[in-house]
Each structure stands twice: as C-alpha cells, then as structure tokens.
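Asks: Below is the structure I would like to discuss, written out as structure tokens.
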Amino acid sequence: MVFDAAATDNEAMLSFDRQYAEAAFARALTEGLLADAVITPGMRVLVLGRQVCDLALLVAERVGRHGCVVAAHEHPRVVAQARRRAAEEGFDGVSFRTMPLDADALEAPFDAVIGRFYLAYQKDPVESLRLAARTVHDGGRIAFQEWHYESMLWADTSDWPRLPLYRDFARRAVEGLQRSGTHVDMGLRLANTFSAAGLCVPALSTDLRTVHGADPMGYGFFATMLRDSLPAPESGVAAAEVDVETFAARLERETIAAGGHAFLPLQVAAWTRAAPSYSAAK
C-alpha cells in the first residue's frame, strides 16, 4: 500500500488499518533489535505478536532460505491472512500455526523467540514471557518489542505546544486500552518482566518519534487508536460523543496551525540470552 504524503483529506488518512501503520512505525526499532540480538542466516526462530505477519517476514529476510521461521497465533483468521500474504510475497520458508503459545505442537528448541506488541495484551506478561523463553535452547535469543502507551500522557512526550485535541485523544485512548485489559506501561516494564520471568537482565533500546506537518499515516494511526478505544455498545460503558471519522483531519489542522508536533507512544525493545541456569529450571 502506497500513501501520498501530500494528501490531507480524511479518506486518505483512514485508508489503511492500524496493523499497517504499526508495522511501518515499528520497523526501524525491530531491525535494530534483530541486529543487536544477532539473528543470522540459518537460524530457527519462533515469532509471536498481535499481528505476526510483518514481523515474521522481517525475520525470514534475516534467516534466509536455509533458516526457518515459525509464527504462532491463536486466531485462525490472522493465520489465514498471514499465509496468503507470505505466499504472495514468495516467503515459502515461513510456517504460520494456529495455536496458543503453550501448545505442545511447537517443535522446540528454537535458536530465538521474537515477539512484537505481544506481552502488553497477555493477561500475565511474566508467565507468557516465561513460556516463550522455554522454547529456546541454552544461549538462545529472547527478544521482545512493546509500545509504552502511557507515555502519551507525559508532559514531555505527548505534544508540543499544547494541543487540546491530542490531549483529549491520548486520555481516551489510554483509558480504553486499560479498560480492555491492555498493559499500557509494558514498554518500560520489559526489563522488570524479563527479571521476574527468571531471565537475565536484557539490553534495552528505545524509539520515540513525532507526527507533524502533513502526515496521513501518523494522524490516521491516532484515529484508529481512538476508534479502537471506544467502548463496545454491549459493554455497558457510557461513551461520550466522539467524531472519529473527522478526527485525523482535525488533529492535522490543529497541529499545523500550532506549528507543533504530537508524539507516537514510546517503543521499547529488549533482548537477552537464555542462560543454562534458566534452562535447568524449566
């Protein structure tokens, strides 16, 4: 999908889904994480994520034709879509499995497990990370990347100058994510989560970027976050009137008029190796 950077109409801003925007904004930090964790040709890698296809294909490019990528997801629709896209793009070495992480069907051990935007959506991130780590052999790589959604509420990483529309959006979005059970502080909790799971303290890297000027994908990403954060009609939670359809265009106009910028959520990546002492305790 190609975006016209000069387009400012609402239709252009909302012509993509959050999955595409997340993958685009995450790619730079992901590629750095894969390089830091030394993911190399010939490796066998397990991939996890809310949307696994983009990450699986990035990993497949690194491990090459002699490597193997297994992407696990519990929803058949996500897996079916990922298989179609991988086939269309010629990635024959990627296997997509419909299964929860604790399924016995995974042929462990792997050389690495890589997760992106995964732990924040797990009921127990520590236990989920512990299960993921059990799939790698001694010395194998364990690497995860997460949003720190809460950063959008911080004075220095929300907006500049003050953009009332963005502030209202950020509050609604974070509250909506919390209401759905998302761990909005997962990014900066990664190091503690690794330690709580019995792993070595990980190396960390971060990515913080702004949305400013004419940026259809950036403002559109905020609009999809706002839409996803609204209570479902059957939830019983009262929802204030929010004009989501025009939100991206309105936020763009407000940001440009102020000569300012708005921040995406902070991204944090962490990786370590599975130590023999950890493997012995499985």
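Each reported figure results from applying straightforward, stated rules to the coordinates on display, with no laboratory input. Keep in mind that what you see is a predicted model, and the values were worked out from it rather than measured. Here Cβ is always computed from backbone atoms with ideal geometry, including for glycine, and neighbour counts include all displayed protein chains.
Asks: Place +1 on the Cβ of every Lys and Arg and -1 on the Cβ of every Asp and Glu in segment 10-280, take the dipole about the Cα centre, and give the residue among ALA87, LEU131, PRO161 whose Cα lies farthest towards its positive end.
Replies: LEU131
Asks: Treat every Asp and Glu Cβ in the chain as -1 and every Lys and Arg Cβ as +1, leave all other atoms uncharged, and give the resulting dipole magnitude about the Cα centre to the nearest 20 debye.
Replies: Dipole about the Cα centre, nearest 20: 720 debye.
Asks: Helix 216-229 versus the longest principal axis of the chain: what is the Cα-based angle in degrees, 0 to 90, to the nearest 10?
Replies: Roughly 80 degrees, rounded to the nearest 10.
Asks: Name the residue, out of GLU254, GLU127, GLU88, whose mean-square fluctuation peaks in a Gaussian network model built on the chain with Cα pairs under 10 Å.
Replies: Among GLU254, GLU127, GLU88, the largest mean-square fluctuation in the Gaussian network model of the chain belongs to GLU88.
Asks: Over segment 10-280, what is the relative contact order in percent, taking alpha-carbon pairs closer than 8 angstrom and at least six residues apart?
Replies: The normalised contact order for segment 10-280 reaches 24 percent.
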